[in-house]
Amino acid sequence: MDYDVIVLGGGPGGYTAAIRLSELGKKVAVVEEDSLGGTCLNRGCIPTKVYSHATELINAIKDAKDFGIMAQYTVDIVKLRQKKERVVKRLVGGVGYLMNLHHVDVIKGRGRFVDENTIEVDKRYTAENFIIATGSKVFLPPIEGINLEGVITSDKALELERIPEKIVIIGAGIIGLEFANIYSALGSKVVIIEMLPQLLPMLDRDIADTMEKILRHKKIELHLSSKVEKIEEGLKVVYTTEGNTQVVECDTVLVAVGRVANVNGIEALNLDMDKKGIKVDSHMKTSIKNIYAIGDVTGGIQLAHVASYQGIVAAHNIAGEEKEADLNAVPNCLYTSPEIAWVGLNEVQAREKFGDVKIGTFPYTALGRAMTMGQNDGFVKIIAEAKYNRVVGMEIIGAGATEIIHEGVLAVKEEFTLEELADAIHAHPTLSESVKEAAEDALGMPINKG
Amino acid sequence: MDYDVIVLGGGPGGYTAAIRLSELGKKVAVVEEDSLGGTCLNRGCIPTKVYSHATELINAIKDAKDFGIMAQYTVDIVKLRQKKERVVKRLVGGVGYLMNLHHVDVIKGRGRFVDENTIEVDKRYTAENFIIATGSKVFLPPIEGINLEGVITSDKALELERIPEKIVIIGAGIIGLEFANIYSALGSKVVIIEMLPQLLPMLDRDIADTMEKILRHKKIELHLSSKVEKIEEGLKVVYTTEGNTQVVECDTVLVAVGRVANVNGIEALNLDMDKKGIKVDSHMKTSIKNIYAIGDVTGGIQLAHVASYQGIVAAHNIAGEEKEADLNAVPNCLYTSPEIAWVGLNEVQAREKFGDVKIGTFPYTALGRAMTMGQNDGFVKIIAEAKYNRVVGMEIIGAGATEIIHEGVLAVKEEFTLEELADAIHAHPTLSESVKEAAEDALGMPINKG
Amino acid sequence: EQQQTLKPTKPRATPVARKIAKEHGIDLTQIKGSGPSGRIQRKDVEEYLKNLQQRKLPTQEEP
Ligand SMILES: Cc1cc2nc3c(=O)[nH]c(=O)nc-3n(C[C@H](O)[C@H](O)[C@H](O)COP(=O)(O)OP(=O)(O)OC[C@H]3O[C@@H](n4cnc5c(N)ncnc54)[C@H](O)[C@@H]3O)c2cc1C
Ligand SMILES: Cc1cc2nc3c(=O)[nH]c(=O)nc-3n(C[C@H](O)[C@H](O)[C@H](O)COP(=O)(O)OP(=O)(O)OC[C@H]3O[C@@H](n4cnc5c(N)ncnc54)[C@H](O)[C@@H]3O)c2cc1C
């Protein structure tokens with residue numbers, strides 16, 4: 001055998017698994033046909049966040065007036081794209097450096113399984129075990145006009161060569177909303193068309209409603225319960241809301257209705273699959289003993305940190321340990337202004353599961369740190385089962401949400417009760433204090449909440 | 001008796017205790033001679049953070065160029081001060097509202113104990129129990145020239161009517177460094193004179209060194225191991241460094257060498273005291289059975305969140321519960337650019353206590369989220385004892401430090417091992433990921449660290 | 001007893017595991033933890049409880 005383990009795909013799932021396997025003493029190779037870092041570094045998490053940070057800067061400049069800081073600005077979209085490219089290049093280079101450091105061979109090219117122990121790239125390589133980490137790709141719905149010029153996906157949207165005058169975004173998922181936020185801050189008129197009747201249906205109504213209000217305040221047009229029928233040259237997007245057909249004209253259409261598992265190169269294996277992707281158990285094992293699959297290609301939660309966590313789990317199992325993936329405390333983040341983040345169960349799910357629940361909230365309008373930042377929009381919500389006060393979920397909309405959610409992650413993972421969060425001394429003034437205050441609220445003993 | 005409990009002082013310690021006591025069914029009054037919210041809301045935490053947020057905005061505007069956002073700005077110092085005043089007014093009003101909501105009587109005026117059950121303000125009031133929460137005040141060292149015009153303390157510095165051309169800050173503690181950061185961003189030439197040989201001696205050398213480098217990069221002059229001898233009209237500050245006497249000219253001197261317990265009104269009680277303030281036990285009890293003391297007046301850790309935590313502890317004890325103050329996991333924050341935060345033991349202290357320790361670090365230069373924000377300065381450091389890998393401390397210098405330190409708070413408080421932090425799924429891309437990466441590093445299994 | 005001189009340090013358990021154990025008067029040293037570095041989790045206590053109840057079912061008294 002050439003290797004102990006070959007990893008197919010060098011995204012966050014694949015490269016993380018490879019590093020850990022090497023640390024566990026395995027001889028490892030990664031097969032990657034494109035750029036290391038996968039969707040995440042090249043076309044996903046990282047480039048979008050450079051743009052969303054730019055929108056934060058623009059918002060900061062606008063809000064600075066309130067602090068006596070009078071500022072004028074212009075945006076050079078080419079320079080912004082170049083910044084994105086510098087960041088991506090540096091991080092991709094970093095992954096290459098790590099592969100070297102850990103003696104992981106990087107085999108360039110498209111991999112295709114020959115049998116359970118052999119993969120073909122430029123030539124054939126054999127290995128004891130395999131990890132399939134081929135990720136996902138944009139889903140293009142079968143809509144008339146989807147291939148017209150000016151109709152783009154997130155890949156193209158990140159190239160951003162000019163700021164659209166008016167953009168229609170199809171799909172109000174995480175990616176759709178992040179781009180809506182970015183384009184709107186850059187000055188585009190944004191229209192969102194979403195099939196579902198609620199924004200962010202995985203969240204409780206109160207969070208979704210707050211986000212809707214914020215979108216409308218930004219003059220982002222939002223059409224829920226609406227289905228795009230076709231896109232006509234021009235561009236004209238034809239959509240139907242409760243039987244009414246309407247048309248909206250624009251210069252750009254961004255299709256953001258989801259991503260599908262990138263299942264390729266495994267035809268020879270005859271793996272168990274379902275509609276979403278490759279089937280795996282909690283050890284990340286596929287239906288073939290020596291073959292594991294992780295990340296987006298399994299059709300599970302499509303997040304980079306889930307992919308890398310699953311990579312770690314697979315690595316330890318391949319090394320002979322027993323490690324089960326525990327996905328009860330996965331943080332989800334939305335990098336809009338303000339941010340949204342959540343973990344665990346929402347209120348509705350918790351009520352279904354436990355019957356009796358305790359809910360605590362705390363608004364940013366009562367939060368000293370938020371006040372000093374001029375960031376008054378938002379609140380923290382904690383969900384606990386009522387018998388032991390065990391924290392089972394947390395939802396946050398507001399500045400800093402994507403960071404402070406990690407208290408929720410630790411609380412859900414380590415089975416905290418509300419008392420532990422309420423009792424933990426939180427620094428003043430911080431946004432994190434809202435977590436403590438919400439816990440005190442859930443216990444019926446709020447301090448700074450009116 | 002007029003009340004179950006009277007609280008002397010309406011700062012964060014006092015007002016928090018009063019709210020909790022009311023929630024526990026007690027009839028409560030707060031005596032406050034000045035403005036509710038105490039030092040914290042009126043002259044401390046909150047106003048300083050409005051200014052430091054303004055410096056963040058200024059830094060953001062400067063750094064925006066890198067993101068293709070070209071901005072010009074001017075600072076209107078009067079408008080900035082007005083912003084500060086609006087925020088303070090709103091939060092102080094909020095405390096008044098909470099007092100009302102919880103039926104806490106606010107007695108305006110200076111209180112003075114008559115005996116163990118009686119306090120005199122406008123008239124005499126009696127109560128079963130008392131909590132002394134009179135806080136602290138600026139310490140003015142006996143230096144010649146300390147009363148000259150242009151020599152100010154933090155109280156005055158927050159009024160900020162013009163931006164000093166050149167300011168000498170005496171004392172590189174938390175308050176001194178925060179103001180150095182603020183004035184420097186506003187355009188003052190800043191000189192810091194500090195008696196001790198190390199900046200922030202409660203932190204490990206590596207953090208302090210990083211901060212020193214950042215200060216020098218900002219062209220802030222730093223004189224360590226230096227003693228101010230006198231201040232002469234002009235203004236000229238005369239100081240000695242290792243036997244060498246030097247003079248620095250400036251238009252403003254900020255004295256920030258510490259604060260002392262504000263012990264007043266308790267003469268009649270004959271309480272046990274030490275040099276630092278009123279002596280208390282872990283239940284916040286003084287030497288007199290029915291009298292408790294909390295916050296800065298006890299001469300302990302001078303932080304608002306310690307004061308309010310101690311207020312909660314005192315309240316529960318007065319209500320007949322048994323609650324001990326646990327100060328093992330107190331977060332400390334420094335709101336400079338970048339921020340610094342720490343909790344628990346540093347490396348040196350941990351080595352002393354446990355002999356064998358495990359240290360993990362992770363640099364912001366390898367952190368995707370930091371990259372997307374253009375915030376490459378800083379690192380996270382985790383300290384664990386080596387036998388059980390129990391996390392005993394965390395130090396962070398870098399963007400977002402004051403928020404992400406709360407993972408350290410929960411870890412130290414709830415006795416996490418490194419494994420628990422490493423195993424918790426952290427959202428990508430976030431600054432909080434650095435906590436997980438540092439934990440993996442301490443375990444000898446780093447992922448994204450080169 | 002030998003146990004007393006070699007008294008083990010307080011076993012590591014999650015807050016909820018501790019709470020449930022306390023409510024049912026269970027000695028945590030009797031339970032093997034399945035969490036990271038052997039931390040006792042809620043499900044470990046619940047399983048222990050279930051086994052205990054199955055064994056004692058006929059004469060079970062309320063704690
Ligand atoms: C616009 C956008 C924004 C996003 N933002 C976030 C975010 O903020 N946070 C977050 O957690 N997630 C985000 N995601 C999702 C995240 O990018 C994915 O969940 C993550 O990249 C999945 O990792 P993976 O390792 O499973 O696959 P991928 O990252 O997709 O990597 C798969 C790799 O395999 C390679 N490959 C595939 N087939 C073969 C083959 N046969 N031979 C050789 N190589 C092959 C591909 O070239 C690719 O490099 C975002 C996604 C998008 C599109
Ligand atoms: C510039 C500066 C910045 C700071 N920044 C921070 C920070 O970011 N984070 C942090 O945690 N801490 C910070 N602190 C420290 C923080 O302000 C104090 O630790 C905190 O306010 C202590 O709370 P306390 O309730 O004990 O007392 P105080 O807040 O001092 O309140 C005491 C109150 O008692 C009143 N009083 C006193 N004597 C009497 C009497 N006899 N009768 C009636 N009323 C009386 C006073 O008027 C005052 O309102 C800062 C302090 C300063 C000076």
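The values are calculated or read from the model by the stated rules, or taken from the named source; none is laboratory data. Everything numeric in this text was worked out from a predicted model, so none of it was measured. FYI the Cβ positions are ideal-geometry reconstructions off the backbone, even for glycines, and counts take in every protein chain you see.
Each residue in the range A:420-450 was checked for being under 22 Å from residue A:375 (Cα atoms), part of a loop (DSSP other than H, G, I, E, B) and among the β-branched types (Val, Ile, Thr), and 2 of them qualify.
Here's the yes/no breakdown for (1) without any contact (Cβ under 8 Å) to a residue 24 or more places away in the chain; (2) away from ligand 1 (no atom under 16 Å from the Cβ); (3) in contact with a Gly (Cβ under 7 Å, 6 or more places away or on another chain):
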residue: B:281; (1), (2), (3): yes, yes, no
residue: B:284; (1), (2), (3): no, yes, no
residue: B:292; (1), (2), (3): no, yes, no
residue: B:296; (1), (2), (3): no, yes, yes
residue: B:301; (1), (2), (3): no, yes, no
residue: B:311; (1), (2), (3): no, yes, yes
residue: B:316; (1), (2), (3): no, yes, no
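Please work out which residue is farthest from residue A:190 (Cα to Cα), limiting yourself to the range A:245-259 and to residues that are in contact with a Lys or Arg (Cβ under 9 Å, 6 or more places away or on another chain) and away from ligand 1 (no atom under 11 Å from the Cβ). Taking the candidates together, the pick is A:247. Cβ-Cβ contacts under 7 Å between residues 6 or more apart (or on different chains), taken from a first residue in the range A:37-54 that is in the same structural domain as residue A:83 (by the TED database) and farther than 23 Å from residue A:9 by Cβ to a second residue that is away from ligand 2 (no atom under 16 Å from the Cβ) and basic (Lys, Arg), are listed as A:50/A:83; A:50/A:84; A:51/A:84.
When the range B:345-363 is filtered for residues that are among the aromatic types (Phe, Trp, Tyr) and crowded, with 24+ Cβ neighbours inside 10 Å, only B:362 remains.
Regarding residue A:96, is this residue small (Gly, Ala, Ser), within 14 Å of chain B (Cβ to nearest Cβ), within 23 Å of residue A:180 (Cβ to Cβ) and within 14 Å of ligand 1 (Cβ to nearest atom)? Taking the combined requirement at face value, the residue does not satisfy it. Restricting the search to helices (runs of 4 or more DSSP H) fully inside the range A:305-419 and requiring at least 1 residues that are over 21 Å from residue B:430 (Cβ atoms) and not assigned by the TED database to the domain that holds residue A:182 gives A:347-354, A:368-373.
If you go through the range B:376-391 and pick out every residue that is surrounded by 23 or more Cβ atoms within 10 Å (Cβ to Cβ) and either under 22 Å from residue A:89 (Cβ atoms) or within 13 Å of another protein chain (Cβ to nearest Cβ) (or both), you end up with 4. Residue-level check: of (1) on the phi < 0 side of the Ramachandran plot; (2) modelled with pLDDT of 95 or more; (3) more than 15 Å from ligand 1 (Cβ to nearest atom), residue A:63 misses just (2).
Evaluation of residue A:364 against the conditions (1) in contact with a strand residue (DSSP E or B) (Cβ under 6 Å, 6 or more places away or on another chain); (2) away from chain B (no Cβ under 14 Å) shows that the sole unmet condition is (2).
Identify, please: which residue in the range A:172-191 is away from chain B (no Cβ under 14 Å) and either away from ligand 1 (no atom under 16 Å from the Cβ) or over 21 Å from residue A:45 (Cβ atoms) (or both) and is, among those, surrounded by the fewest Cβ atoms within 10 Å (Cβ to Cβ)?
Out of the qualifying residues, it is A:189.
Taken over the range C:11-25, residues that are within 14 Å of chain A (Cβ to nearest Cβ), assigned to a loop (DSSP other than H, G, I, E, B) and over 22 Å from residue B:421 (Cβ atoms) amount to 1.
I'm checking my understanding of the structure. Among residues of the range B:54-65 that are within 16 Å of ligand 2 (Cβ to nearest atom) and more than 7 Å from chain A (Cβ to nearest Cβ), which one is nearest to residue B:179 (Cα to Cα)?
Ranking the qualifying residues of the range B:54-65, first place goes to B:55.
Only residues that are in contact (Cβ under 8 Å) with a residue 24 or more places away in the chain and more than 14 Å from every other protein chain (Cβ to nearest Cβ) were counted in the range A:339-352, giving 6.
Specify the residue that is farthest from residue B:319 (Cα to Cα); the eligible residues are those in the range B:111-136 that are within 11 Å of ligand 2 (Cβ to nearest atom) and out of contact with any Asp or Glu (no Cβ under 9 Å at 6 or more places or on another chain). Residue satisfying both the conditions and the ranking: B:120.
Residue-by-condition table, conditions (1) over 15 Å from residue A:265 (Cα atoms); (2) assigned by the TED database to the domain that holds residue A:13; (3) touching a Ser or Thr at 6+ places or on another chain (Cβ under 7 Å):
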residue: A:94; (1), (2), (3): yes, yes, no
residue: A:99; (1), (2), (3): yes, yes, no
residue: A:103; (1), (2), (3): yes, yes, yes
residue: A:110; (1), (2), (3): no, yes, no
residue: A:122; (1), (2), (3): no, yes, no
residue: A:128; (1), (2), (3): yes, yes, no
residue: A:133; (1), (2), (3): no, yes, no
residue: A:142; (1), (2), (3): yes, no, no
residue: A:157; (1), (2), (3): yes, no, no
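For (1) more than 18 Å from the chain's Cα centre (by Cα); (2) surrounded by 24 or more Cβ atoms within 10 Å (Cβ to Cβ); (3) more than 9 Å from chain A (Cβ to nearest Cβ), each residue gets a yes or a no:
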residue	(1), (2), (3)
B:24	yes, no, no
B:35	yes, no, yes
B:39	no, yes, yes
B:44	no, yes, yes
B:49	no, yes, no
B:52	no, no, no
B:67	yes, yes, no
B:70	yes, no, no
B:74	yes, no, no
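Taking the listed residues A:297, A:313, the one that is touching a Lys or Arg at 6+ places or on another chain (Cβ under 6 Å) and over 24 Å from residue A:215 (Cβ atoms) is A:313, with no other qualifying. Considering only residues that are surrounded by fewer than 23 Cβ atoms within 10 Å (Cβ to Cβ), in contact with a helix residue (DSSP H, G or I) (Cβ under 7 Å, 6 or more places away or on another chain) and away from chain B (no Cβ under 12 Å), which ones fall in the range A:303-337? Once the filter is applied, which keeps residues that are surrounded by fewer than 23 Cβ atoms within 10 Å (Cβ to Cβ), in contact with a helix residue (DSSP H, G or I) (Cβ under 7 Å, 6 or more places away or on another chain) and away from chain B (no Cβ under 12 Å), the range A:303-337 yields only A:337. Scanning the range A:247-263 for residues that are within 11 Å of residue A:137 (Cα to Cα) and of a type in the set (S, T, N, Q) yields one hit, A:262. Put simply, of A:253, A:247, A:260 the only residue that is touching a Leu at 6+ places or on another chain (Cβ under 7 Å), part of a strand (DSSP E or B) and modelled with pLDDT of 95 or more is A:253.
Applying the condition of being under 13 Å from residue A:111 (Cβ atoms) and either among the aliphatic types (A, V, I, L, M) or within 13 Å of chain B (Cβ to nearest Cβ) (or both) to the range A:1-22 and asking which residue is nearest to ligand 2 (Cβ to nearest atom) yields A:14. Give the residue, chosen from A:445, A:373, A:394, that is away from ligand 1 (no atom under 16 Å from the Cβ), within 7 Å of another protein chain (Cβ to nearest Cβ) and crowded, with 24+ Cβ neighbours inside 10 Å. After ruling out the rest, the residue left standing is A:373.
Looking across the range A:285-298, just one residue is away from every other protein chain (no Cβ under 14 Å), assigned to a loop (DSSP other than H, G, I, E, B) and either within 16 Å of ligand 2 (Cβ to nearest atom) or buried (at least 21 other Cβ atoms within 10 Å of the Cβ) (or both), and that is A:286. The listed residues are A:148, A:140, and the only one of them that is modelled with pLDDT under 95 and more than 16 Å from ligand 2 (Cβ to nearest atom) turns out to be A:140. For the range B:7-16, the condition holds for no residue, the condition being that it is surrounded by fewer than 24 Cβ atoms within 10 Å (Cβ to Cβ), more than 22 Å from the chain's Cα centre (by Cα), within 30 Å of residue B:320 (Cβ to Cβ) and outside the structural domain of residue B:336 (by the TED database).
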